[in-house]
């Protein structure tokens, strides 16, 4: 597949890296010589110098033969225009990063029709949605849904009081069915087998039916607390979106937003209905104490500054907040930050890349979630008639060691499979896979896949 | 940090490719029932064996890092040239290692300097290997490796660039592997055309093939003692003139011309214009100089000989149809000067490359304009592309280093009691991957008379020239090897 990426910022770089590693033809359009240099040294992509809104540059980049165009520069207007042009050239899929909420307020018609943008991605909104999901499941470090919400994935940390510590996976109680699809242990992603034991500090990734999840968590000794008080540090776009989403979906919740900038604080206080906006410096220990942060069930640090986020999350944790979520733009130090006791670290870049990647998947791969910097994906695959793995028991299929089938959706039913489960054609499979096994796993379920 | 396992594994792959290439020589020696068959077979077997051994002992999937990339390019070329010497050694035709390595490295770097006085007495199997080494080295062993092996990762880009000659290299495809493949394909196609032409003009199958290898790679090894002078047919010489010109042109241009189906691609390229300009000017001066001398030659022959010799040296091929050593001073001087021109960037030619001159010329013009308009903002261009100041410094630095190596090589050779002209021209011919020089190493002589230490020095100069100095120089930087 040929992909054109406009803008080699953080998101653009991530996408270029992900796609070129997957052997796609990637052309990057970038203006800054410094960024060009970085890309040139790090990635196997073609770099075109110029602006993505210029037709001659687009033609030089081979827009006529491109299958997809990602416009992820800093400038909303340029991104939208590039997508518009690309559509006219016949590019099948276009993705634009648009941050200004005013552009997204169109109600009477969709931007997709007018501008030819297939996916509008707003990193702040993606981040806010992710945090809202975490707020709904405070015991989990991460939450995701698949198959139209019927299947749920949660990431849980095993603490000292956990009942399942040092147990083998096959010894666990599975009266309510679930699958542990991955374990993050000491910054490494493992795909567990029945003989593996669970250890203190493991982050387990659990897949179960959405309706069963609470039962499953209970059986494993996790009790969900309800989030009633939430403090959001930073009233920027992410913080504002988050408050807006929470107000809409969880009406009973108490939201406190701390924003340093007076004008901004006033602005969001007028826009939001219930949230309490406090003007002040989030890193001011006294202010946090005065505002009784300790009573918050959830503390979210989403200012533009990584250092402030980190510092305030630490203070909040120290004051005894139930759970801390911290936004970090830098991804290289994420594992370090988890070590110092912040529960969840989110990178807008990784989240955005994951959201875009879902669109890239061709054929029957439906949805994709990325796990951190280390490349691992949750794939939704459709078992095609005639594929190798169809009509066989799971235990008889040689599934690559880096992959595990978490759940199967057959019609309306969700099944958590075990070894004796037989895959039928048209089943939707929710599969966890490390990067090295992704392609091998995909081939198992595609018609005409190679034999092993 | 340099991990030996990563380098050795990839080196194993390079050695394996060389070993497989050796096997092709067997077909010739077997058909002609030559006694060297066994020796070539042993050399190929040993090379393939060691290649496979390295690949299997050092398995793993770690990606090559930046430093390892440079180490792999320079050490890889060194190791390949050593393995390439095995057929000569084993067959006993060049029993001394210094001779065998010199011949091998001269082949791979497409220099074409030889220590063999009587090539016509050599068995075909060995001659074929001698020619084939040039052809492989012409487009590049690393390029071949990148084209063949999947999953070299993003580092392949750097490896490829370290090997491709010239100040700037274009990617004609988003993926470096595709780029390498397209270039190799273009190389193969043009080579095929060259072979068919030579064959049609009356060379026999073997000679046509060997001369194709030597021409397309701008190598210059001939299968005849008198080089191209052996073929008196003007047509063969004109054909070789054309194909040498083609080989000295950027292969990216050939590819784009083919893709766009438009010869304008060449005319629009400023480096190509300078390249042909240098050739035409030098040829004109040589003809002018020859016209007052050697009244024996007719006009067609004079022009043909002049152009042939100028192109042969400019493209760094090194074929000879005349002994330019005995030409009048101006003609001889022109030949000496074009030793420093070279083929275009991205061609199989060596030396300094017209592209580098172009950048310096353009910058000189900018400096002049700035004297008239002190506050003018003038971008530095390479063709239609604006290039950064860094590239200018890189080119100037290259000039300095090139001259330094030339001086060091010359000093070393004079220390071996070789006269100044021979020493200077030998160093220039080897550093520029050209082949023949003047005096003791003139077009009718060879390098056999060099002492062994001289051969080693010249061999290293060839590698320095082929990889364009930096990768080799890095190896001698102590910090390169430290953590």
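The values are calculated or read from the model by the stated rules, or taken from the named source; none is laboratory data. Predicted model only: the values in this text are computed from it and were never measured. As a convention, Cβ positions derive from the backbone with ideal geometry for all residues, glycine included, and neighbour counts pool all protein chains shown.
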Report summary line: Counting only residues in the range B:142-155 that are more than 21 Å from residue B:465 (Cβ to Cβ) and modelled with pLDDT of 80 or more, the one farthest from the chain's Cα centre (by Cα) is identified as B:148
Query raised in the report: Does any residue of the range B:229-249 turn out to be modelled with pLDDT under 90 and either under 23 Å from residue B:432 (Cβ atoms) or within 14 Å of another protein chain (Cβ to nearest Cβ) (or both)?
Result: yes
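For residues in the range B:285-321 being closer than 21 Å to residue B:351 by Cβ and not in a helix (DSSP H, G or I), which is farthest from the chain's Cα centre (by Cα)?
The selected residue is B:321.
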**Report entry** Wholly within the range A:179-234, strands (runs of 3 or more DSSP E) carrying at least 1 residues that are more than 22 Å from the chain's Cα centre (by Cα) and at pLDDT 80 or above
**Finding:** A:229-233
Requested in this report: Residues being surrounded by 12 or more Cβ atoms within 10 Å (Cβ to Cβ), in contact with a strand residue (DSSP E or B) (Cβ under 9 Å, 6 or more places away or on another chain) and not in a helix (DSSP H, G or I): count how many of those fall in the range B:376-421.
Outcome: 3
**Report entry** helices (runs of 4 or more DSSP H) enclosed by the range A:59-156 - at least 1 residues per element that are crowded, with 19+ Cβ neighbours inside 10 Å
**Finding:** A:76-89, A:111-115, A:123-136
Report task. Can you give me the number of residues within the range A:52-77 that are more than 11 Å from chain B (Cβ to nearest Cβ) and either within 29 Å of the chain's Cα centre (by Cα) or farther than 18 Å from residue A:91 by Cα (or both)? Result -> 14
Report summary line: Across (1) in contact with a strand residue (DSSP E or B) (Cβ under 8 Å, 6 or more places away or on another chain); (2) at negative phi, residue A:56 clears everything bar (1)
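Does any residue of the range B:201-217 turn out to be away from every other protein chain (no Cβ under 14 Å), without any contact (Cβ under 8 Å) to a residue 12 or more places away in the chain and either closer than 29 Å to residue B:392 by Cα or surrounded by fewer than 24 Cβ atoms within 10 Å (Cβ to Cβ) (or both)?
Pass one, the range B:201-217, residues away from every other protein chain (no Cβ under 14 Å): B:201-217.
Next, only the ones that are without any contact (Cβ under 8 Å) to a residue 12 or more places away in the chain stay: B:204-205.
Pick out the ones that are also either closer than 29 Å to residue B:392 by Cα or surrounded by fewer than 24 Cβ atoms within 10 Å (Cβ to Cβ) (or both) and you get B:204-205.
Checking the range B:201-217: at least one residue is away from every other protein chain (no Cβ under 14 Å), without any contact (Cβ under 8 Å) to a residue 12 or more places away in the chain and either closer than 29 Å to residue B:392 by Cα or surrounded by fewer than 24 Cβ atoms within 10 Å (Cβ to Cβ) (or both).
Please verify whether residue B:102 is under 21 Å from the mean Cα position of the chain (by Cα) and in contact (Cβ under 8 Å) with a residue 24 or more places away in the chain, treating the condition exactly as stated.
On the way: under 21 Å from the mean Cα position of the chain (by Cα): yes; in contact (Cβ under 8 Å) with a residue 24 or more places away in the chain: yes.
Yes: the conditions hold for residue B:102.
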**Report entry** Top-ranked residue in the range A:37-51 [being at the interface with chain B (Cβ under 9 Å from one of its Cβ atoms) and in contact (Cβ under 8 Å) with a residue 12 or more places away in the chain; ranked as surrounded by the most Cβ atoms within 10 Å (Cβ to Cβ)]
**Finding:** A:44
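Among the candidates A:425, A:389, which residue alone is in a loop (DSSP other than H, G, I, E, B) and either touching a helix residue (DSSP H, G or I) at 6+ places or on another chain (Cβ under 8 Å) or on the phi > 0 side of the Ramachandran plot (or both)? Working first, answer last.
On the way: A:425 fails: either touching a helix residue (DSSP H, G or I) at 6+ places or on another chain (Cβ under 8 Å) or on the phi > 0 side of the Ramachandran plot (or both).
Every option except A:389 fails the conditions.
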Query - Residue that is surrounded by the most Cβ atoms within 10 Å (Cβ to Cβ), among those in the range A:1-21 that are more than 12 Å from every other protein chain (Cβ to nearest Cβ), closer than 16 Å to residue A:57 by Cβ and in contact with a helix residue (DSSP H, G or I) (Cβ under 7 Å, 6 or more places away or on another chain) - result: A:6
Requested in this report: Name every residue in the range A:29-58 that is within 19 Å of residue A:81 (Cβ to Cβ) and assigned to a strand (DSSP E or B), in order of residue number.
Outcome: A:29, A:30, A:48, A:49
Query raised in the report: Which of the residues that make up the range A:22-36 are more than 7 Å from chain B (Cβ to nearest Cβ) and either surrounded by 14 or more Cβ atoms within 10 Å (Cβ to Cβ) or closer than 13 Å to residue B:171 by Cα (or both)?
Result: A:22, A:23, A:24, A:28, A:29, A:30, A:31, A:35, A:36
**Report entry** Residue that is surrounded by the fewest Cβ atoms within 10 Å (Cβ to Cβ), among those in the range B:159-182 that are facing chain A (nearest Cβ under 7 Å) and within 22 Å of the chain's Cα centre (by Cα)
**Finding:** B:171
